[in-house]
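The values are calculated or read from the model by the stated rules, or taken from the named source; none is laboratory data. In this text, all values refer to a predicted model and were calculated from it rather than measured experimentally. A quick note on method: Cβ atoms are made from the backbone with ideal geometry, for glycine too, and the neighbour counts reach across all protein chains shown. In case anyone asks, the SASA skips ligands and DNA or RNA and just uses the protein heavy atoms, side chains included. Shrake-Rupley method; radii C 1.70, N 1.55, O 1.52, S 1.80 Å.
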Amino acid sequence: MERRQLEYFVAIVEHGGFTAAAKALHVAQPSLSRAIGKLEHELGVTLFHRVGRHAVLSTAGEALAGRARLVLRDLDALRAAAGAIGDGAAGRVDVAATSSSGLEPVTSVIAELARRHPGVTVSTTSAMSAAEVVAMVLQGRCEVGVCGSAERPSGQGLVTHHLRDEEFLLVVPPGALDVPGRAVAPEMLRGMRFVVTKPATAVRALFDRLAATVGDMTIAAETGDRGVVLPMVLKGIGAGLMPDGWSELAVRAGADVYRFDPPERLPQWLVHRGGPVTAATRAFIDTTLEARD
């Protein structure tokens, strides 16, 4: 089995077919097909079912996809470790993050990495939930993940680090609340309309819990794009619940921001697989953990 065969296999999976993969890899499609045929022969299994012009993963192919990504990651880690001796960290690290974690601490970590290790490039992938972040890391789609989760993330071979407890805030249009100070009790939400994210997000879970206990909290709008919650709030559609990473942006945009009394918090985690990692990945992990201290 050759690395090239695994790269071709993963490319077909990620690009959705032989034609698109061949184009992305800049190789002739017959060469790609021969390499996959040879891989199937060596493994003794069928990886793709050919349905017309489409390639559909077989059961064996589905089982191999995640493992193939991990093997390629480990090979990259070994090569980077050898090349980094005396040269410092360089290369690319793929990071999965939920929206609030992508804002903080990931943005600050990228800024610090640019100062310390200009040869490191960070590519971020957005995830809707902590479970999705963990899946991306365990499947090898990303090397590192940052997410908020009430429970410590777990999975076979997964390493987790607690970073901090992020705090959830109430964000409203300017002057919408006549409240002394900058703290609100949950019962003050009664009768309010809200812009919420889709289910499965930590923010939506908080809204659902508050709505169940406080009562009379109405959903004015539901969005799958968390980036439009703040603009909707500023348009007066409804109030929003946001992690503290959004606080500075909300204030700059002109919104009023309130803390909850008692505070609403959620643990934030850094996750990655155990074992060898690339020099770029190690630099990202170390920088993130140093920022925590």
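Which whole-angstrom value gives the distance between the alpha carbon centres of segment 192-212 and segment 98-158? First find each Cα centre; the distance between them is then 23 Å. Using a Gaussian network model of the chain with C-alpha springs under 10 Å, which one of THR59, THR107, THR223 is most mobile by mean-square fluctuation? Largest GNM mean-square fluctuation: THR59. For LYS235, the lysines whose Cα falls under 23 Å of its own Cα, not counting residues fewer than eight places away in the same chain, are LYS198.
What number comes out for accessible area per residue over segment 1-42 if the probe is 1.4 Å? Units Å², please.
It amounts to 55 Å² per residue over segment 1-42.
The helix-only estimate of mean residue ellipticity at 222 nm for the chain, built from DSSP H runs of length n ≥ 4 each weighted as -39500 (n - 2.57), is -13000 deg cm²/dmol after division by the residue total. Out of the total accessible area of the chain (probe 1.4 Å, heavy atoms of protein only), what percent is carbon and sulfur? The computed percentage sits at 53. DSSP bridge analysis restricted to the chain gives an antiparallel fraction near 60%, rounded to the nearest 5.
Accessible-area rank, largest first, for ILE237, ILE36: ILE237, ILE36, with all protein chains present and a 1.4 angstrom probe. Each of (i) 22.7, 73; (ii) 24.0, 78; (iii) 21.3, 74 is a candidate for Rg and Dmax of the Cα atoms in Å; the one calculated from this structure is (i).
Note on THR59 and ILE237: the model spin-label points, each 7 Å out from Cα along the C-beta direction, lie 4.5 nm apart. For the pair VAL71 and ARG92, the difference between a 0.36 nm per residue extended length and the Cα-Cα distance amounts to 5.9 nm. Solvent-accessible area per residue in segment 134-245 equals 45 Å², computed with a 1.4 angstrom probe and all protein chains kept. Here LYS38 is the anchor, and the aspartates and glutamates within straight C-alpha reach of less than 15 Å, apart from those fewer than 8 places off in the same chain, are GLU2, GLU7.
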